[in-house]
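The values are calculated or read from the model by the stated rules, or taken from the named source; none is laboratory data. The shown structure was predicted, so the numbers you read here are calculated from the model rather than taken from an experiment. Don't worry about glycine lacking a Cβ; one is built from the backbone with ideal geometry, like all the others, and counts go over all protein chains shown.
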Amino acid sequence: MADLNADYWTVEDIADHWGVTVQTVRSYRSRKRGELPEADKMFGRSPVWRPSTILAFQRPGRGARTDLKEVGPDATTAGSGDEAVDAGA
């Protein structure tokens with residue numbers, strides 16, 4: 001179990017806390033889709049995170065589309081879902 005009192009967590013600690021493999025956490029980081037927060041610090045080439053950063057991070061759920069960007073309020077989208085549906089068509 002990852003030490004909640006540690007100054008920093010490594011990729012291994014995050015994997016242990018989330019119950020996934022180390023490779024999964026590395027993939028989250030390399031894809032840069034918001035599946036893992038930015039590292040709080042780098043020790044050489046090794047990223048580390050404060051435990052509070054990981055604990056506060058809202059992980060996307062299974063099947064979440066992390067590749068989509070949020071659209072601002074001034075953007076227009078077609079087919080907002082408010083249109084009436086003709087059941088007799």
**Pairs with Cβ under 7 Å, 6+ apart, first in segment 15-35 and under 14 Å from P47 (Cβ atoms) and hydroxyl-bearing (S, T, Y), second modelled with pLDDT of 95 or more and surrounded by fewer than 14 Cβ atoms within 10 Å (Cβ to Cβ)** = none
**Asked** For segment 37-57, what are the residues that are surrounded by 14 or more Cβ atoms within 10 Å (Cβ to Cβ) and polar (S, T, N, Q)?
**Response** T53
**Prompt:** For segment 37-64, which residues satisfy the criterion of being of a type in the set (D, E) and touching a helix residue (DSSP H, G or I) at 6+ places or on another chain (Cβ under 8 Å)?
**Reply:** D40
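From R26, R33, which residue is more than 14 Å from T53 (Cα to Cα) and in contact with an Asp or Glu (Cβ under 8 Å, 6 or more places away or on another chain)?
Testing whether each residue is more than 14 Å from T53 (Cα to Cα) and in contact with an Asp or Glu (Cβ under 8 Å, 6 or more places away or on another chain) leaves just R33.
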**Asked** Among the residues of segment 3-36 satisfying the criterion of being crowded, with 17+ Cβ neighbours inside 10 Å and touching a helix residue (DSSP H, G or I) at 6+ places or on another chain (Cβ under 7 Å), which is nearest to P60 (Cα to Cα)?
**Response** E35
